[in-house]
1. Past 24 Å, Cα to Cα, is the threshold; run K169/K284; K149/K284; K63/K113 against it and keep the listed order.
2. Just to check I understand the Karplus step: with θ = phi - 60° and J = 6.51 cos²θ - 1.76 cosθ + 1.60, what whole-Hz values come out for the stretch 176-187, glycine and proline as x?
3. Convert each backbone phi in the stretch 89-101 into a coupling constant with the Karplus relation 6.51 cos²θ - 1.76 cosθ + 1.60 (shift: θ = phi - 60°), then list the ³J(HN,Hα) values in order as whole Hz, x for Gly and Pro.
4. When all protein chains stay in place, what accessible area (Å², nearest 10, 1.4 Å probe) is found for L252?
5. Classify the stretch 104-235: rounded, prolate or oblate, from the alpha-carbon gyration tensor (a ≥ b ≥ c, eigenvalue square roots; a/c under 1.5 rounded; otherwise prolate if a/b is larger than b/c)?
6. Given R₀ = 45 Å, FRET efficiency for Q181-D132 by Cβ-Cβ distance, to 0.05?
7. Under a 5 Å amide H to amide H cut-off, with H placed in plane at 1.01 Å, what residues pair with F268 once short-range neighbours are removed?
8. Once you wrap a convex hull around the alpha carbon atoms of the stretch 138-193, what is its projected area averaged over all directions, in nm²?
Amino acid sequence: MVFPFFTYRSQSLSISNHSINRFFMKSQIFLTLIGMLLLMTLFFTGCDKIPGGVVDFQSVDYKVTNLSAPTSEIYTKSDSSVVTSVHITNTASLSAVWCQVSSVDRTISVIDKVNMYDDGNTSGDGDVARNDGTYTGKFFMSRTNPNGKYQIEYFAEDNVNRAPDNVTKIGAATFSYDNGQNNLPPVISNLVLPAAVNRGDSFVFSVQATDPNGAADISQVYFRLYRPDGTLVDPGNSYGYFLMVDDGDPNLGDQVAGDGIYSFKNSFSSTTQTGSWKFVFQAKDRSGLLSNVITQTITVN
């Protein structure tokens, strides 16, 4: 009687294990399917974040080893060209090289972009040898460009980074320019300055400036200011004098930009010394030549 009892229990246990195994097999299949679905979801979701186009993993490793630029140029009617070059190694990541030319104070732009090539086109862009790592460009100076200091700034564009991060300034050079004309100093005239003002009142004054070598040759129009006790007012700009403007900004007192009339807007505070204040006006060209001087006093009440 005991034996059949254990046989029955054994059969029951066997049936229970089989059911459990089937349950786990089904669970494993179910979990496998869920895992595959999750992987597929992550795959397609991840694909949406992959940028289009070619993914380039190379680094920007070009190196500038030499700049060649003139230190001075004199205009001649037969040839006013200027040739400049830059030597670069490891050019695989390089897309383009160019330069731009302006006056050192950036008020005159000679040319915004001069493409530089390593193509051996001597007559076209001035390059001597093809594929030697030397990129050369040619630009022209005009007789109307004022005498003075000019700068050449060099730029390189790589094929690795995205714009505008793929453009880098790689160097700069300066040169003196002589346009072949006799340089003459500027002339100032037609000063407009009130004879008297009250403390706290705003007022505008102006002076006209011309230059025999052209308006672009004028570098600065300015005035020095002396108190009634004879001391010089320091404008705190490292010049020792106040710069006047011809930029058309009414907030600074000027009405029309580029008309040759330089203006200044001023007011004397309530603690200013009363009495006779002296204004001394002058202009300077790009070569450093100074104009005539105009002196006038104003009474501050």
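The values are calculated or read from the model by the stated rules, or taken from the named source; none is laboratory data. Not measured: the values here are computed from a predicted model. Glycine also receives a Cβ, built like all others from the backbone with ideal geometry; neighbour counts cover every protein chain displayed. When the accessible area is computed, the model is the full protein with side chains, heavy atoms only, and any ligands, DNA or RNA have been set aside. Shrake-Rupley method; radii C 1.70, N 1.55, O 1.52, S 1.80 Å.
1. With Cα atoms farther than 24 Å apart: K169/K284.
2. 8, 10, 10, 7, x, 9, 5, 7, 10, x, x, 10
3. 10, 6, 8, 4, 8, 9, 9, 7, 9, 8, 9, 10, 10
4. 80 Å²
5. Prolate.
6. So the FRET efficiency works out to roughly 0.70.
7. Distant-sequence amide H within range of F268: G200, D201.
8. 7.9 nm²
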